[in-house]
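Have a look at the structure below before the remarks.
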Amino acid sequence: MSDNNEKNIRFEGFRTGSKAVAIPVEFFNELMPTLNRGVEIRVVLHVIYMIFRKSGRIRAVSFEELVNETSLRAALSEDTYRFQIKEALDRGVQAGALLECHLNQHDFLYFLNNEGGRRQYQQIHMGTLSFSEDSQIATAIKLDKTTPIIAYEQEIGTVTPAIAEAIREAEGIYPTEWIIEALNLASTNNARSWRYVDAILKRWNKEGRNDETNWRNNESTDPYSHLYRRQ
């Protein structure tokens, strides 16, 4: 936590010509009375502030971006700031100020619950807008081929809500590297479906993950070929 001397420094006032951030009137009239603690107000305001600064296509901010925001961390306990921020974000979602999108087992993306935020949130869940389309978001949350969601987009295709849920369930059962490798195998064998990937993971879980490079390009010895032949 910042020391007392730092917190007691008197603010010198707003500077002429400073950039302004538009705060919806509803924040003061309807939302603020429902937020119970100062940290909740701080975090929601920071989400609005950080989204306002965005220049990429996706107008949202990730949890990891928030926890690395210096001005926000300075107001919180150094030992528990991650927990405080996540708890405040959850409250913001519950209060209806924010919309939460699950990226992977480690990170979340937050949209402001306004017309633009709702539209992009729906597009993400419908699969018509991809995280990888916005380089700013992808860089900030380190979305690359080591993330199953992005690996699926690169190797298989659009991530629908059903596929996203299946991947999240798989992340709770199998190591991430297994999921990535299974997606790579599906692409290599031109069997681009989650059903095929799931079959690989279940087999590895039951029999062990062996070196299967000897059959990757040989359909006759591919133990999963019966799955994609039916599709």
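FYI, it's all coordinate maths here, none of it is from the lab. Computed from a predicted structure; not experimentally measured. Here the Cβ positions follow ideal geometry from the backbone for every residue, glycine too, while neighbour counts run over all protein chains shown.
Scan around Asn113 for amide H atoms under 5 Å from its own, H built in the peptide plane at 1.01 Å from N, and keep only partners 5 or more places away or cross-chain.
Leu98, Leu99
In nm, to one decimal, how far is the Arg118 label point from the Phe14 one, both placed 7 Å along Cα→Cβ?
Going from the Arg118 label point to the Phe14 one covers 2.9 nm.
Would you kindly derive the ³J(HN,Hα) couplings of segment 22-34 from the backbone phi angles with the Karplus curve 6.51 cos²θ - 1.76 cosθ + 1.60 (θ = phi - 60°), listing them in order in whole Hz, with x for Gly and Pro?
Each residue's phi maps through the Karplus curve to give 6, 9, x, 4, 4, 4, 7, 7, 10, 7, 4, x, 8 Hz.
By counting other Cβ atoms within 10 Å of each Cβ, how are Val61, Val39 ranked from fewest to most?
So the residues, fewest neighbours to most, are Val39, Val61.
Got a sec to turn the phi values of segment 191-207 into Karplus ³J(HN,Hα) couplings, 6.51 cos²θ - 1.76 cosθ + 1.60 with θ = phi - 60°, whole Hz, x for Gly and Pro?
10, 7, 8, 5, 4, 5, 4, 4, 5, 4, 4, 5, 5, 4, 5, 7, 10
Can you give the extra length, in nm with one decimal, that the chain gains between Ile173 and Glu78 once fully stretched, where that is 0.36 nm per residue apart less the Cα-Cα distance?
31.0 nm
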